[in-house]
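Peer 1: Sharing a structure with you now.
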Amino acid sequence: MKIKQVILRHLKLDLLHPFTTSFGTEYDKDFILVEVKNEDGLSGWAESVAMLDPLYNEETVKTNWHVLEDYLMPIVLKNEIQHPDELFEKYFAHLRGNYMAKAAIEGAVWDLYAKEQNISLASALGGDRSTIDVGVSIGIKDSIEETIETIGERLEEGYKRVKLKIRPGWDVELINRVRQEYPDIPLMADANSAYTLDDMDRLVALDSYHLMMVEQPLAHNDIIDHADLQARMKTPICLDESIHSVEDARKALKLGSCKIINIKIGRVGGLTESRKLHDFCQANNIPVWCGGMLESGVGRAHNIAITSLPNFTLPGDTAASSLYWAEDIIEPEVTVQNGTITVPTSPGIGYEPSIEKINKYTVYSRTYRA
Ligand SMILES: O=C(O)CCC(=O)c1ccccc1C(=O)O
Ligand SMILES: [Mg+2]
């Protein structure tokens, strides 16, 4: 593969509804869209899931731009590769961290690779599902009543499980009321690292509500305290923030820190490592599901492709475009029917980025040539 040109764009999309987690409220979405072009003018696309502020993890739009421009892009423009796996495994291996930046350019190369092979990204990754089951992530609201109403709407739309964001003070009472209203729905909670072991009793109290799992209750970089908590809790712990690699997962399983893993392509440095993490979890009987980062349609398309792998046995967070955006930047938009998304079979990500819409939301862009 020969990459002739890379275009970085900083896009800004307004969220239809503010999204509140334990770390803050998002009103809009700033992200870097990466386009790589080969000599035939064929384009591969991906987006970085790093946010404007370092609240979920330490990466930001600006750190990603710097790392992409000064380190990753020169590598991609200089070296001819046979397969996208080489990027993460060989060319990016000496560069520490910066997972989301690496994933953004690697993902664009994966899309281009699949298009050059004339196969879907899902098949290029070895995925074999024709449809995937999806759930929805519901942010922290002003009241429990409002949350219950929103859950009702999402269930009506067919979503296969509901994830509620929690934080200290918005947890046991919330889940208790939701369970009174919806005793049997597939339900889980995501704390985004809002608790410590001092909150053990409050977290263990969640065991009474047969949740599918509790996601990342403790520190973003912890696997030790999570092991203590998992030993005390019946509810499976799912790790999100703490897992950046197969190695992290291996250590977490060794300690007993979790029973489920959320795979986010950006958090682990790309599709190559996501697939390896998937395979490792499959071999160790750990179910996985695909997390979300309020992506535009381009990121959503990548999530759909990776979710077509067989060990993604739990519904993920890839909901319909229309829950987030007045207008998405891909055609068609991502739609959900009866809680499922049809995995596209056309080449690459299988959704067409609209240049017209992309231009409309681009704040700044720069083109780099080989
Ligand atoms: O709807 C989505 O894209 C998932 C939303 C979500 O839960 C989330 C959004 C932003 C940052 C972190 C997370 C998370 O899964 O922890
Ligand atoms: Mg999470």
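The values are calculated or read from the model by the stated rules, or taken from the named source; none is laboratory data. Because the structure is predicted, anything quoted here is derived from the model rather than measured. As a convention, Cβ positions derive from the backbone with ideal geometry for all residues, glycine included, and neighbour counts pool all protein chains shown. Note: areas computed on protein heavy atoms with side chains; ligands, DNA, RNA excluded. Shrake-Rupley method; radii C 1.70, N 1.55, O 1.52, S 1.80 Å.
Peer 1: Once you have a ≥ b ≥ c as the square roots of the Cα gyration tensor eigenvalues for segment 26-157, tell me rounded if a/c is under 1.5, and otherwise prolate or oblate according to whether a/b is larger than b/c.
Peer 2: Oblate, because a/c is 1.5 or more while a/b does not exceed b/c.
Peer 1: Now, a different point. With a ≥ b ≥ c the root eigenvalues of the C-alpha gyration tensor of the chain, is it rounded (a/c under 1.5), prolate (a/b larger than b/c) or oblate?
Peer 2: Cα axes put the chain in the prolate bin.
Peer 1: Here is a follow-up. Can you give me the % of accessible surface on the chain that is carbon or sulfur? Probe 1.4 Å, all protein chains present, nothing else counted.
Peer 2: The computed percentage sits at 47.
Peer 1: Also, I was wondering about something else. Given a cut-off of under 8 Å on Cα pairs at least six residues apart, what relative contact order in percent is computed for the chain?
Peer 2: 23
Peer 1: If the limit is 32 Å between Cα atoms, which of Lys2/Lys357; Lys4/Lys276; Lys276/Lys357; Lys62/Lys163; Lys160/Lys234; Lys2/Lys254 go over it?
Peer 2: Lys276/Lys357; Lys2/Lys254
Peer 1: Now a separate question. Let me check against my output: what whole-number percent is the relative contact order of segment 124-342, with C-alpha pairs under 8 Å and at least 6 apart?
Peer 2: In percent, rounded to a whole number, it is 23.
Peer 1: Over the alpha-carbon set of segment 124-342, divide Rg by the Kirkwood Rh and report the Rg/Rh ratio to two decimals.
Peer 2: A ratio of 0.95.
Peer 1: Here is a follow-up. Taking only DSSP H segments of four or more residues, each worth -39500 (n - 2.57), what value at 222 nm results for the chain once the sum is divided by all its residues, to the nearest 500 deg cm²/dmol?
Peer 2: It comes out at -9000 deg cm²/dmol, rounded to the nearest 500.
Peer 1: Let me ask you something else. Report the local net charge at Asn338: Lys and Arg +1, Asp and Glu -1, summed over other residues whose C-beta lies under 13 Å from its C-beta.
Peer 2: Result for the neighbourhood of Asn338: -1.
Peer 1: Could you tell me, in Å, what Rg and Dmax come out for the Cα atoms of segment 253-322?
Peer 2: 11.9, 40
Peer 1: Could you compute the FRET efficiency for Lys2 and Arg177, with r as their C-beta to C-beta distance and R0 at 45 Å, rounded to 0.05? Show your work: numbers first, answer last.
Peer 2: Details: r = 58 Å, r/R0 = 1.28.
Calculated value: 0.20.
Peer 1: Full-extension gain between Asp184 and Lys90, please, as 0.36 nm times their residue separation minus the C-alpha to C-alpha distance.
Peer 2: Stretched out fully, the Asp184 to Lys90 stretch lengthens by 29.1 nm.
Peer 1: Something else about it: Which residues does the label zone of Ala283 cover in segment 205-249, counting backbone N under 20 Å from a point 7 Å along Cα→Cβ?
Peer 2: 243-249
Peer 1: Using R₀ = 22 Å, calculate the FRET efficiency as 1/(1 + (r/R₀)^6) where r is the Cβ-Cβ separation of Thr335 and Glu146; round to 0.05.
Peer 2: 0.30
Peer 1: For Lys90, give me every one of the aspartates and glutamates with a C-alpha distance below 20 angstrom, ignoring sequence neighbours fewer than eight places off in its own chain.
Peer 2: Partners found: Glu69, Asp70, Glu80, Glu106, Asp111, Glu247, Asp248, Glu273, Asp279.
Peer 1: Provide the descending list of Cα extents for segment 139-236 along its principal axes, expressed in whole angstroms.
Peer 2: Principal extents (Cα only, largest first): 39, 24, 21 Å.
Peer 1: Under a crude label model (7 Å from the Cα following the beta-carbon direction), how far is Asn79 from Glu58 in nanometres?
Peer 2: Label at Asn79, label at Glu58, 2.3 nm between them.
Peer 1: What's the local net charge at Gln230, with K and R +1, D and E -1, over the other residues with C-beta under 15 Å away?
Peer 2: -2
Peer 1: Past the 26 Å Cα-Cα mark, which pairs from Lys12/Lys251; Lys37/Lys102; Lys102/Lys165?
Peer 2: Beyond 26 Å: Lys12/Lys251; Lys102/Lys165.
Peer 1: While we're on this one: Once you put a point 7 Å from the Cα of Lys254 and another 7 Å from the Cα of Ser354, both along the Cβ direction, what distance in nm separates them?
Peer 2: 5.0
Peer 1: Taking θ = phi - 60°, what integer Hz values does the Karplus form 6.51 cos²θ - 1.76 cosθ + 1.60 yield along segment 236-242, in sequence order, with x for Gly and Pro?
Peer 2: Using θ = phi - 60°, the values come out as x, 8, 10, 9, 10, 3, 6 Hz.
Peer 1: For the residue pair Asn221 and Tyr209, what label-to-label distance in nm results when each label sits 7 Å from Cα along the Cα-to-beta-carbon direction?
Peer 2: 3.0
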